[in-house]
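Accompanying notes for the structure given below.
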Amino acid sequence: MSYLDELNDSQRQAVQHIHGPSMVIAGAGSGKTRVLTYRIAHLIKNGVDPFSILSLTFTNKAAKEMKERIATVVGYSEARNIWMGTFHSVFARILRFEADKLGYPKNFTIYDTQDSKSLLKSIIKEMGLDDKIYKPNVVFGRISSAKNNLISPREYLDNKDVKISDEASGKPKLGEVYFAYADRCFKAGAMDFDDLLYKTNVLFRDHPESLHAYQHKFKYLLVDEYQDTNYAQYLIVRKLAAVNENLCVVGDDAQSIYSFRGANIQNILNFKKDYPDYVLFKLEQNYRSTQTIVEAANSVISKNKDQIQKNVWTSNPEGEPIKLLRANTDNEEGRMVAQSIFESKMQEQLKESAFAILYRTNAQSRSMEEALRKMNIPYKIFGGLSFYQRKEIKDLLAYFRLICNPKDEEALKRVINYPARGIGQTTIDKIILTAREKQKAPWEVILEPAENALPINKGTAAKLSEFVTFIQRFHHSLAITSAYDLAFEVAQSAGILKELYTDKTPEGVARYENLQELLNGVKDFSEQRKDLGTDDRLDDFLMDVALLTDADQVGDEEDFVSLMTIHAAKGLEFPYVYIVGLEENLFPSQLSLSNRSDLEEERRLFYVALTRAEKQATISMANTRYRWGNLTYCEPSRFIDEIDKNYVKFPPNWDRQLSDVSDLGFGNTGAGAWKSFGGKESKEPNSYKTKEQASVPSRTPAGIPKNLKRIPSSADSSEYASADGVALGMDVEHARFGKGKVVKLEGASPDTKATIFFPGSGKKVLLLKFAKLKVLPDTA
DNA sequence: TGCCCGGGTGTTTTT
DNA sequence: CACCCGGGCA
């Protein structure tokens with residue numbers, strides 16, 4: 001069995017351990033993917049039916065690549081039958097099979113974030129709430145974390161603690177909004193991203209026969225990036241694995257970077273509690289990077305308290321020291337990086353694809369982009385506004401969605417009057433209102449306007465009926481027409497193509513080309529499906545498209561420098577990596593500075609960034625940077641100081657002091673800042689201690705199936721954390737203003753603002769994270 | 001009904 | 001700075 005020879009001892013042991021629960025802690029670059037693929041190949045070689053293997057990956061692209069690699073060992077006809085994909089896509093597929101059990105149509109729509117927020121916006125408006133207080137973004141985040149923690153709208157409404165904290169944050173109606181949102185999604189036959197996990201849990205809870213079937217179907221489970229699973233995902237895995245317990249999870253606690261979307265590092269730390277007889281494998285040899293990079297990364301991550309002990313090492317050459325670049329402005333930073341890429345490329349005779357530029361926030365891509373463009377260096381930006389989020393694409397997709405699932409409210413709103421067909425806002429409002437009164441989907445209302453007493457005149461009725469007929473015509477050919485033929489005809493006859501074709505502005509031309517590209521995409525899909533002999537339907541295409549990730553963008557053979565956020569770079573590797581914007585308040589992000597666990601996550605993020613590099617890592621910063629319009633002064637990130645100096649090469653201009661940067665209010669820097677920060681943390685109202693204490697009892701110890709009720713913890717929403725320390729009506733003491741009373745709280749933590757009345761100095765609005773408030777015992 | 005302008009608001013990170 | 005929204009006007 002030759003493939004086993006390609007593994008080192010611990011890798012081989014992990015691959016050969018087939019039965020029972022196991023956990024693989026895989027350091028960065030330690031051949032994790034290799035272990036996963038060979039483990040699956042090994043299973044199949046040992047007679048396991050590919051249909052009974054479920055492998056959950058972090059991106060669909062990773063799944064595709066793994067399948068291809070497995071196919072080289074066991075053949076494509078076997079490999080193609082493995083269930084492999086992201087949590088979201090695998091369970092979307094399962095939910096499609098089981099939709100009727102949950103009262104959903106098989107063709108349910110998947111709402112993306114835009115759809116969800118737009119729906120929330122209209123609900124907030126309809127309920128007569130102020131969208132300055134009930135900000136769709138905030139409300140969405142809140143609902144999302146409720147779902148990730150499996151709290152239903154009902155439970156949310158009934159939970160006293162939630163109510164108290166929502167009232168304290170000035171949003172007592174949040175529960176009702178959540179309730180209405182869930183109801184509207186259901187009536188629209190739509191699930192949002194979180195629903196795909198949430199509803200899977202509901203399915204497994206309410207339909208034991210279904211759970212039973214999948215438990216027995218999937219005899220072997222593999223989960224990649226286990227450190228980034230949230231509670232809903234954790235519970236799905238736990239339930240599916242409950243019968244056979246052939247579960248192998250792979251991850252690295254040092255690379256957990258998704259807690260903001262509910263990922264819980266405790267899942268990896270508590271694996272041994274859930275599966276006491278588990279076997280642990282540690283992959284510690286790094287095959288990716290130079291010794292310098294490995295050691296530098298180790299020196300950084302060692303500053304974190306929460307971690308599993310491991311010793312990542314490499315036998316690779318020592319390599320070049322980490323290079324530092326310091327620019328005066330963000331634009332100059334871009335030029336320096338581009339220049340450096342150009343020089344390395346020339347000196348080492350490299351392709352552009354050897355380089356990646358990684359940043360903390362998407363906004364940083366602009367200065368990099370400009371510099372690269374000026375130097376004629378080809379590049380590609382991953383992330384940001386993705387192709388599928390462009391207006392023209394969403395418009396056409398909305399037609400597809402509506403044809404597949406006419407109840408889709410967001411799709412209907414998008415296209416009912418685009419291109420303009422004389423159905424105005426007033427009519428749309430009436431339709432929505434009537435739908436709400438009749439407890440129906442808007443589509444059902446316009447299907448039978450008279451029966452539903454929709455108050456419209458004859459002309460409007462005629463236009464509506466024309467629209468209905470138009471959609472229905474295509475709906476009926478869904479089952480008999482190939483995806484591409486249908487898509488093209490829709491684009492044509494809806495008039496979208498014509499509308500954009502006549503627009504000769506550069507933007508208009510670009511939009512038209514984008515539509516062509518989308519149609520080409522459908523064509524590829526259709527042809528693939530024909531080759532495979534599987535269903536070639538437009539609704540299948542939609543299901544695929546809804547869950548594509550930026551990382552799934554086809555990596556054609558073109559040569560370009562990759563630009564992306566560090567989050568998006570997870571799992572990737574490049575010979576030369578530039579990590580830019582290493583400045584306090586940017587990286588680490590300003591929002592992470594007030595508690596230890598958030599800061600540790602930023603450090604892990606930096607660790608991930610460093611360990612993407614194979615040959616050399618370069619770190620850059622700018623002394624000044626434009627941030628939302630105005631110039632700000634920047635100080636070097638504390639993370640730079642945390643790298644062992646033996647591995648860093650400082651440029652001559654490094655220590656040059658800027659005379660006028662002395663005080664930014666709270667801008668400390670360097671190791672000193674770290675210490676003083678550490679020393680002060682216990683006085684912080686948002687102290688991490690509060691957060692951790694709150695989260696301990698919240699973890700359902702055994703994750704017992706029936707138990708969907710989870711006490712919301714600080715992890716559910718950042719707002720709890722602030723409510724913990726400071727609440728409405730509380731007596732507090734401020735270092736400068738003295739004693740006062742909290743009269744108003746607004747905004748979500750960590751940006752919670754408190755209005756406090758100080759008898760001595762009047763009303764002050766303070767940001768909780770900066771105001772070191774001391775809570776006084778209730779004097780009443 | 002549609003376009004233009006001004007003001008307000010907001011930035012981590014993503015399926 | 002960039003986007004979105006609402007109001008005012010044609």
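Please treat every number below as a calculation from the coordinates, not as lab data. This one's a predicted model, so the numbers in the text were calculated from it and none came from an experiment. So basically every Cβ, Gly included, is an ideal-geometry build from the backbone, and we count neighbours across all protein chains shown.
All other residues whose Cβ lies under 12 angstrom from that of residue A:394 are scored, Lys and Arg at +1 and Asp and Glu at -1, for a net of +1. Report the FRET efficiency, 1/(1 + (r/R0)^6), for residue A:626 and residue A:513, where r is their Cβ-Cβ distance and R0 is 30 Å, rounded to 0.05. In this case the efficiency is close to 0.45. With a Förster radius of 25 Å applied to the C-beta separation of residue A:421 and residue A:478, the computed FRET efficiency comes to 0.65.
Counting Lys and Arg as +1 and Asp and Glu as -1 over every other residue whose Cβ lies under 14 Å from the Cβ of residue A:296, the net charge comes to +1. Sorting A:127, A:564 from the fewest to the most surrounding beta carbons within 10 angstrom yields A:127, A:564. The string of couplings for the stretch A:81-98 from the Karplus curve (6.51, -1.76, 1.60, θ = phi - 60°) is 8, 5, 7, 9, x, 6, 3, 5, 6, 5, 7, 4, 5, 5, 4, 5, 5, 9 Hz, one whole number per residue in order, with x for Gly and Pro.
Compared with the alpha-carbon gap, the fully stretched path from residue A:458 to residue A:154 is longer by 105.3 nm at 0.36 nm per residue. Fully extending the segment from residue A:216 to residue A:245, taken as 0.36 nm per residue of separation minus the present Cα-Cα distance, adds 9.4 nm.
Modelled spin-label separation between residue A:523 and residue A:273, with each label point placed 7 Å from Cα along the Cα-to-Cβ direction: 5.6 nm. The residues A:78, A:225, A:600, when put in order of fewest to most other Cβ atoms within 10 Å, stand as A:78, A:600, A:225.
Of the chymotrypsin sites (Phe, Trp or Tyr not before Pro) found in the stretch A:599-650, the ones in coil according to DSSP and having at most 11 other Cβ atoms within 10 Å of their Cβ are A:628. In this structure, the amide hydrogen of residue A:624, modeled 1.01 Å from its nitrogen in the peptide plane, lies closer than 5 angstrom to those of A:329, A:330, A:634, counting only residues at least 5 positions away or on a different chain.
Using C-alpha pairs under 8 Å with a sequence gap of at least 6, the mean separation divided by the residue count of the stretch A:266-342 gives a relative contact order of 31 percent. Oblate is the label for the stretch A:438-501, because a/c, from the alpha-carbon gyration tensor with a ≥ b ≥ c as root eigenvalues, is 1.5 or above and a/b does not exceed b/c.
At an R0 of 51 angstrom, the distance between the Cβ atoms of residue A:544 and residue A:430 translates into a FRET efficiency of 0.90.
Enumerate by residue number the trypsin sites (Lys or Arg not before Pro) in the stretch A:481-546 meeting two conditions: DSSP loop (anything except H, G, I, E, B), and at most 15 other Cβ atoms within 10 Å of the site's Cβ. Those satisfying the criteria are A:504.
Under the simplified labelling scheme, the residue A:573-residue A:363 pair shows an inter-label distance of 3.4 nm, with each label point 7 Å from Cα along Cα→Cβ. Exposure proxy for A:178, A:578, A:275: other Cβ atoms within 10 Å of each Cβ, ordered fewest to most, give A:275, A:178, A:578. For the stretch A:305-390, taking Cα atoms only, Rg and Dmax work out to 16.5, 46 Å respectively.
For a protection proxy built on the mean count of beta-carbon atoms within 10 angstrom, sort A:211-220, A:24-33, A:4-13, A:80-89 highest first, please.
Numbers: A:211-220: 16.8, A:24-33: 24.1, A:4-13: 14.9, A:80-89: 20.9.
My ranking of the peptides, most packed first, is A:24-33, A:80-89, A:211-220, A:4-13.
Looking at the square roots a ≥ b ≥ c of the eigenvalues of the Cα gyration tensor of the stretch A:455-585, which shape do they give, rounded for a/c under 1.5, prolate if a/b is larger than b/c, or oblate? Verdict is prolate for the stretch A:455-585.
Dimensions of the stretch A:197-302 from C-alpha coordinates, computed as largest minus smallest value along each principal axis and given longest first, are 54, 29, 23 Å.
Provide the net charge surrounding residue A:55, with neighbours chosen by a C-beta distance below 11 Å and charges set as Lys +1, Arg +1, Asp -1, Glu -1.
Result for the local shell: +1.
Anisotropy class assigned to the stretch A:1-145 is prolate, per the alpha carbon gyration tensor with a/c at or over the 1.5 cut-off and a/b larger than b/c.
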